[in-house]
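The next block holds one structure in the form of structure tokens; read it before the comments.
What follows is calculated from the coordinates using simple rules that are stated; it is not laboratory data. Quantities reported herein were computed from a predicted structural model and do not represent experimental measurements. Neighbour counts run over all protein chains shown; Cβ positions are idealised from the backbone, glycine included.
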Amino acid sequence: MTTQYLLQLVISGLVIGSIYSAVALGFVIIYKATRVVNFAQGELLMVGAYVCFAFLVQMHVPFWAALLLTVVFSMVLAFLIERLILRPMIGEPIISIIMVTIGLSLVMRSLVTAIWGNDILVYEPKLFPQDMVTIAGVPISQEFIWCFILSMILLAVFSAFFKFSKAGVAMRATAFNQQVAQSMGISVKHIFALSWVISAVVSGIGGVLIGNINGINSSLYHFGLKVFPATILGGLDSILGAALGGLIIGLLENLSDGLCKSYLNLSGVKEVAPYVILVIILMIKPYGLFGTKEIERV
Amino acid sequence: MQYCGDFRTSYEKDAVVFQTPFIKVCMALFLAGLLALPYLLKGEFMWVALQIVIASIGAVGLNILTGFTGQISLGQGAFFGVGAYTSAYITAKMGLSFWLGIPAAGLMTAMAGMVFGIPSLRLKGLYLAIATLASQFILEWIFIRWEPVTGGSYGINVPRPSIGGYVFDSDSSFYYIVLAIAVAMILFATNLVRTKTGRAFMAVRDHYISAEIMGISLYKYRLLSFGISSFYAGVAGALYGHSLKFVSSEQFGIGVSIVYLAMIIIGGLGSIVGSIFGAVFMILLPKILSLATEMVAADFPSIARLAISFEQGVFGLIIVLFLIFEPDGLAHRWKLIKAYWKLYPFSY
């Protein structure tokens, strides 16, 4: 175990973590505004990645246009999902809402495999330069750095949006109390639609980034499952929490995997480590680092 | 014949399982029909019937936890696996009897369920769902990695049960064993929800703070519910393993948990009959889909190919449509149909 290896683990953990952050951000936006637990978050990322692939590689659209079209597609998709599937579910028990998003995720997953198949597809031409750069003696591919920077920009933009823009403030008001928000002239229905749209766009961009680094295949939706450790760690309704939670989970996952491999000769820890962390957090601090503690009164 | 109006005058009468002689006759006929099933069904269809009965056990178990106690569990698939592996280890690796393996599988899974149910003491609703999701992934990982016990990715070959020299090798003979266990367990569940324990479960579900104020120990009943539900899952999983004669980690993924949740939601939460409807529906559905695909395949091969890759999607679509248009499940619809015919043709 060298310092270099350790640094490598930390860096790749942070990069994957930044994608987790983006997906977790999407999840938190929906949860905060509409109290819907979206089990289809990973599928939104997957659809974004595949749609961008279709425009970029199959239709030979330049990258900026492909990205724009992907964003528009994600918006329309999210709007339709909210309107047709989630709107009728308002007021239903939480288990029904969980199931409806699970059902939705199955539909989206199989649509994607029906259209594009199971093989790994690679973005051509590559968006980011391919050659390595050396930081502190560790060679890192430039894609990683770009991916990290872009997702951090994404997070910063949306934090600012929530803090300063009128729509962002309206969304926070709705999250705080729907009835009061409505009586203040905020259309709660519009906010619900808006939060789905934003969430899908964020996840879709995350998908495009992943597509640029690793290529895409039909198991991309796994990113959606890592959202739970990330958001629980950060606090389910905190944007900052989602960003930090994603980074920390990515880091811990990679470090525990690397350490177990070299010291305990145990492989595959990566798949389970986030969930072990999740259970531990739920036991000791269920509302996470920045989450609002729910107080119940009779 | 049940008269218009309600003539029950005591709590004992209200809590009777079979309300009228007519229902008793119906149930007896139904049971006779189930017993005659192996003579009517052949090959693949017998296999489907066997799977439906096994799934009913698991669905009833999950309904005790989710429908009656209100604790959402996304880990039923993994608990299924715990049962299957326990029984497989006992029968195949230790060479002990099937009749020991099944109860051991139930108890082992009940213990595992109670361990993973510990978060339920502090968590509820969404948080509990996520905690059980985590337990699903952790258990799945253990199934793959703990090779000395689970056989890793190779799995374990499991024998069919035997009494004396007679081996229950065919699906139809094994069906009778499964049916006997299922009837016993479903009757137990029906009675459970009439007792103090069952009522405590429902009180915890409906309003847990009030339940606690009324003197119901939340810890005790939540854990108990996890235990009982996992016991059912374990037995069902063990039977599933024996029916396949093979146990491996792919059979107990998150997909199984989702199928079981879908069963009780489509069937009806908090209804024993509903769980059985749900099990029938969810097991028959893929069968019907694949039959339909085969029929179309001859004429339109391209559609058939698309349909195969879209099977999961149809499954998801059905869940979504059910939740939007029939949120109370098949059990509710069944009640409406019964009420309609009871008063037919004078419905008012």
Taking every alpha carbon pair in region A:71-216, what does the distance histogram look like in 5 angstrom bins from 0, in percent?
2, 8, 12, 16, 16, 15, 12, 9, 6, 3, 1, 0
Prolate/oblate/rounded call for region A:3-284, Cα gyration tensor, a/c under 1.5 rounded:
prolate
Inter-label distance, nm, simple model (7 Å from Cα along the C-beta direction), B:Glu294/A:Leu264:
4.7
Which aspartates and glutamates have a Cα lying under 16 Å from the Cα of B:Lys93, excluding residues fewer than 8 positions away in the same chain?
B:Glu147
Which one of B:Pro103, B:Thr293, B:Phe201 is farthest out on the positive end of the charge dipole of chain B, using unit charges on Cβ (Lys, Arg +1; Asp, Glu -1) and the Cα centre as origin?
B:Phe201
Going fewest to most other Cβ atoms within 10 Å around each Cβ, B:Val149, A:Val37 line up as B:Val149, A:Val37
Return the single residue from A:Phe192, A:Phe55, A:Phe176 with maximal mean-square fluctuation; model: Gaussian network over chain A, springs between Cα atoms under 10 Å.
A:Phe176
So what is the 222 nm mean residue ellipticity for chain B from helices alone, if each DSSP H run of at least 4 adds -39500 (n - 2.57) and you divide by all residues, rounding to the nearest 500 deg cm²/dmol?
-23500 deg cm²/dmol
For the pairs A:Lys163/A:Lys189; B:Lys24/B:Lys342; B:Lys245/B:Lys287; B:Lys196/B:Lys335; B:Lys13/B:Lys338; A:Lys32/A:Lys270, flag any whose C-alpha to C-alpha distance is greater than 27 Å.
A:Lys32/A:Lys270
Which one of A:Leu255, A:Tyr221, A:Phe164 has its Cα pushed farthest toward the positive end of the charge dipole of chain A, where Lys and Arg give +1 and Asp and Glu give -1 at the Cβ?
A:Phe164
B:Tyr221, B:Tyr85 arranged by Cβ crowding within 10 Å, fewest neighbours leading
B:Tyr221, B:Tyr85
Taking every alpha carbon pair in region B:49-343 and sorting the distances into 5 angstrom bins from 0 up to the bin holding the longest one, the percent per bin comes out as 1, 6, 11, 15, 17, 16, 14, 9, 6, 3, 1, 0, 0, 0
Under DSSP H, which helices of chain A have Cα atoms covering 20 Å or more of the helix axis and a Kyte-Doolittle average no less than -1.0?
A:3-34, A:63-81, A:94-116, A:142-164, A:188-214, A:239-259, A:269-284
Chain B: DSSP helices with Cα axial extent of at least 24 Å and average Kyte-Doolittle hydropathy no lower than 1.6:
B:21-40, B:43-62, B:171-192, B:272-299
Under a crude label model (7 Å from the Cα following the beta-carbon direction), how far is A:Val138 from A:Leu80 in nanometres?
4.3
What base-10 log of the normalised intensity I(q)/I(0) is obtained for the protein assembly as shown from the Debye formula, alpha carbons as equal point scatterers, at q = 0.06, 0.08, 0.11 Å⁻¹?
-0.36, -0.64, -1.19
So B:Ile163 and B:Met214, fully extended at 0.36 nm per residue minus their Cα-Cα distance, gain in nm 13.5 nm
Hey, fewest Cβ within 10 Å first, where do B:Arg145, A:Arg109, B:Arg8 land in order?
B:Arg8, B:Arg145, A:Arg109
